[in-house]
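FYI, it's all coordinate maths here, none of it is from the lab. For clarity, every value in this text was computed on a predicted model and none was experimentally measured. Don't worry about glycine lacking a Cβ; one is built from the backbone with ideal geometry, like all the others, and counts go over all protein chains shown.
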Amino acid sequence: MDRMHRRRVAIVLDVDALRRDDAVARVLAALDGIPELRAHRAELFFIVAELYNNAVEHGLLGLGSEAKGEPGGFEAYYAARSAGLASLSSGRIRIDVEVEKRRVGAHLRVRVTDSGSGLGAATRAPRAPAPEARGGRGLALLRSLGAVVTIDAPASSVTVDYAVPVAIGVS
Amino acid sequence: MPLTTHRQEGTLTFRIDDRFDFSLHRDFRAAHEGQSGVSCYVVDLTGAGYMDSSALGMLLLLREWAQGTGAEVRILTRTSFVRRILASARFDKLFRID
């Protein structure tokens, strides 16, 4: 496959980069200009944000989404995320994105791997929670959008495959 | 500002531009908990092209707050992706979405 048909972006985030917490914006900027993705930036943002936030919150920091459901839990959860990143002494997240042009549309693969030993990838079950649940629905939503979610627990990585449709009109 | 609020009599409107994600959670909560006498909260997402699942959690917190005061919550969106996310999360059963 020549470069015209496939584009790869890999971003490795060390502790300093994780503290800046701008990985999602960096990935979107790196993929800017790919015609097949132009009308699908919202999906791209959602996919990368869900996988990256899961890796930070569950993988590196060991936070459990169920805590969001307790009184004041939502605020406490994000306060713990900020505090956890500020005091992080080691950890790494790698984001790999591959966009392959297809005869119709494109195929997008996003893989996020974390070095954490907190709540591993296996616990991020893509079940569909109740509509009233304050959290724990990221991977279930990805599946409902038609993405294929593959969890590699030993490697602490989650991969999303998404068939990017051909843009018709304005998305 | 990604989050701006506008109060007109009993209606408090939150306008969110660009990204509706967890980075807004503190401002979002402060904006509705600091107000009294609100009968309708409007979350205007017409300028928000991006959202993640934490935004759904924030909408639910607003709904819980509104239920406690007998107020209603409306969501405005023109973005097809945001609409898809809200539908996938079955938020059409919990909110009025226009």
Full-extension gain in nm, B:Arg96 to B:Asp17, via 0.36 nm per residue minus C-alpha separation: 26.5 nm
Between 0 and 90°, nearest 10: helix A:41-54 axis offset from chain A longest Cα axis: 30
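Can you give me the relative contact order of chain B as a percent, contacts being Cα pairs under 8 Å and 6 or more apart?
26
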Neighbouring partner chain Cβ atoms per residue of A:130-142, average, 10 Å criterion: 5
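Just from its helices, what would the mean residue ellipticity at 222 nm be for the protein assembly as shown, if runs of 4 or more DSSP H residues each count -39500 (n - 2.57) and the sum is divided by every residue, rounded to the nearest 500 deg cm²/dmol?
-9500 deg cm²/dmol
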Potential lengthening between B:Thr69 and B:Asp27 on full extension [0.36 nm per residue; Cα-Cα distance subtracted]: 13.1 nm
Degrees, to the nearest 10: A:73-86 long Cα axis against longest axis of chain A: 80
Spacing of the two label points (7 Å from each Cα toward its C-beta) at A:Ala30 and A:Asp161, in nm: 2.2
Residue-span extension gain [A:Arg102 to A:Ala80] - 0.36 nm each, minus C-alpha spacing: 3.7 nm
Candidates A:Val112, A:Val158, A:Val12: whichever shows maximal mean-square fluctuation once chain A is modelled as a Gaussian network with Cα springs under 10 Å: A:Val12
Farthest positive-ward along the stretch A:38-109 dipole, Cα basis, beta-carbon charges - from A:Tyr52, A:Ile95, A:Ser82: A:Ile95
Debye, to nearest 20: dipole size of the protein assembly as shown, +1 on Lys, Arg Cβ, -1 on Asp, Glu Cβ: 700
Estimated FRET transfer efficiency when R0 is 30 angstrom, pair A:Arg143-B:Glu9 (beta carbons, to 0.05): 0.10
Inter-chain Cβ neighbour average for residues B:21-28, partner chain, 10 Å: 3
Per-residue mean of C-beta atoms belonging to partner chains within 10 Å, peptide B:46-54: 6
